[in-house]
Structure formats: C-alpha cells, structure tokens
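Scroll down for the structure; my scribbles are underneath it.
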Amino acid sequence: MSEIRTRTLDDTPDRGRRSLTGVRRLFAGIFTALIIAYGSAAGYMYLNQRSFIFVPSGALADPADKGLENVSVETATMADGTNVTVWSAAPARAGAPTVLYFHGNSKNVSARWKRFRQILDSGFGLYAPSYRGYAGSDGSPSEAAFISDAQEHFDRLALKGSPVIVHGESLGTGVATAVAAERSEAALLVLEAPYTALVDLASESYPWLPVNLLMKDPMPTRERIGNVKVPVLIVHGTEDSLISVEQGRKLFKLANEPKDILVIDGAGHSDLWDSGLWPGVQEAWSKSTAQRKALVVAPN
C-alpha cells in the first residue's frame, strides 16, 4: 500500500509581513495621536495666552479705605475712547517728582497701596493707572494697548510740570521701558524685577512650544532699553523664582549710562519694597538730580 504524503505550505513569511504592517500601523497611530495632541495644546495656548499673561482680579478699593486720603480716583479717556482708572496725587514737596507707576500682571492697582504710601510719605507725587481690562478700567489687555495708553499717561502727567519717574513693576517694566525709550523728558526709569522679554519667560516655561511664532505680546524689553537715554535703576532680588535676577543683570548690561543696579540679597519677586527698594529709588533720584544740576552749571 502506497504512502500518501501531504505538504503543508509554510506561511511564516506572510505572518511576518502582517505583523510588521501591524507594528507600522500602531506607530503611525501613536504618531498621529501625538501630532493631534501637540497641535491641540499649541492651539489652546495660542488662543488663551493672554489669560496666562494678564491676570486681573479683585475689586478696586477706595484709596481712603487704605489710608491714602490725598489720592484721588480719576477717569482718563484714551485716544480710542477707552476709559481707564487712575490713582493720582500731586507732590507734597516743592520740586519733588511724580511717580508714574505701572503695576504687575496680577490683582489690580489698589493692591499696591502699601507701596504708594511709601511714595507719598516721601513727599513724591503719584500717578498710577489701572490697565485696560483690570478693575476700574474698560477694554482688553495687550502689549500694544498698554504701551499706547502709557505714553498718553506720560504726556498728560508731564503737562502738570513736575519731574516724572517712570516706574515699572514686573510686567510693568516692559511698559515703563517702552515709555522711557520714546519720552526722553523722563527724569528716571526704575525697573523692579524686570525681564528681558515676555517671550523669553514663555520660552523658559514652555520649551516644547514655538513661542517665538505664537506670542502675541512678546514685550522685548531687551530691544528697547538701548533707546532709553534717561538714568536707569534696576532692582532685583537674588531669590526671585518668577523672573531670574540674571534677566535684570542682562538688561543692566544693555542699558546706557547713567545706570545703577540694586541686587537685594535674599529678596524674592514680591518683597523688594520690604527689603530696601524705595530708599534705593530715592538715592537714585538724588543722584540723577545732582547730575542734571552739574550739567546745567558745567561750562560750555
């Protein structure tokens, strides 16, 4: 009896190809999912970026409730018709300057009342506008709007006749620098915990995003400070965890003379006023006044 033999075809190559195709599809799916997730995150950040930069909160207090009875609350109408609130007080001493104060990105102008008290107790005047979109002011915040408004505020204040110290706090340092770069009549520029640019801060916080392409409000202080021709004082704390003191030092190198930097050992981002900032500003003001007088009396 003859033996019947059967032959089973080896399907290993087909199984291998199907397995490889499955792996490729898996990786393609993962890659596509990652691209979608990245695009969604980038899109979210782009659309909502101003809510991360500008963080207004709280109701605007009455100056009298904070012991600032001499401070008046005014409404300033900007060139485009937007109304913004300003806290204002004239200098108490003859010849004293008025501080044009641009606050930081959070809360509102009335949250700075303790600082304003130091200014006023020194006999200096105060002009502190509330940004667009912040308590007491209409409109929406943006770099372009802040700078345009700030220049208008300076021009209105300069008409009153007293010297103007342009003071920027944190976010406001970019605004203050932009003003001083265009208004050489300013007596002194004070930068409290400044940054080289908002886009630089964003790059540090979100290194996985192309923030240079996405940023609507880059606020490049590093590019503007070279156009400032008035005396500059930079104040920064060594323990600032929000804006590194190295950014303040970089701006100092870029600034023109006359310039000073006050680095306060152990100070953070929000306690510079409790650590000697205001005496430092007063000293810088006295120095800049002496320098101006020396220029006036210097022989031709």
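A short reminder: the numbers here are calculations on the coordinates, not readings from a lab. These numbers come from a predicted model, not from an experiment. Backbone-built Cβ (ideal geometry, glycine too); neighbour counts: all protein chains shown.
Numbers for the structure displayed
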read-out	value
R0 of 30 Å, Cβ-Cβ distance Ser203-Ser19: FRET efficiency to nearest 0.05	0.10
Positive-end extreme of charge dipole, the chain - chosen from Gln151, Leu20, Thr289 (charges on Cβ)	Leu20
Given charges at beta-carbon only (K, R positive; D, E negative), |dipole| of the chain in Debye	680 debye
For the chain, with +1 on Lys and Arg beta carbons and -1 on Asp and Glu, the positive-most of Phe52, Ala267, Trp208 along the dipole	Trp208
The chain: antiparallel DSSP beta bridges as a percent of all, rounded to 5	30 percent
Rough spin-label spacing in nm, given labels placed 7 Å along Cα→Cβ, for Asp274 and Phe27	5.6 nm
Degrees separating the helix 277-297 axis from the principal Cα axis of the chain, which is the longest one	60 degrees
Cross-link partners of Lys250 among aspartates and glutamates (Cα-Cα below 16 Å; sequence separation of 8 or more within a chain)	Glu192, Asp200, Glu204, Glu223, Asp240, Asp260
Rounded tilt (10° steps) of 12-53 against the dominant C-alpha axis of the chain	10 degrees
Neighbourhood charge, 13 Å Cβ-Cβ cut-off, centred on Gly174 and excluding it, Lys, Arg +1 and Asp, Glu -1	-4
Lys/Arg +1, Asp/Glu -1 at C-beta; region 148-212 dipole; positive extreme among Val199, Ser184, Gly168	Ser184
Cross-link pairs beyond the 24 Å C-alpha cut-off, checked among Lys66/Lys216; Lys114/Lys293; Lys253/Lys293; Lys66/Lys107	Lys66/Lys216; Lys114/Lys293; Lys253/Lys293
Nearest-ten-degree value, helix 245-254 long axis tilted from longest Cα axis of the chain	60 degrees
Amide proton proximity set for Val99, modelled H, under 5 Å, gap of 5+	Gly125, Leu126, Tyr127, Ile165
Sites Glu74 and Tyr38 - FRET efficiency at Förster radius 45 Å, r taken between beta-carbons, to 0.05	0.40
Radius 14 Å from Cβ of Leu272, net charge of other residues (Lys, Arg +1; Asp, Glu -1)	-4
Separation of the Ser57 and Ala290 label points, Cα + 7 Å toward Cβ, nm	4.3 nm
Sparse-neighbour loop sites [GluC sites (Glu not before Pro); region 66-166; at most 13 other C-beta within 10 Å; DSSP]	Glu69
Net +/- balance of residues flanking Asn48 in space, Cβ distance below 14 Å, scoring K and R +1, D and E -1	+1
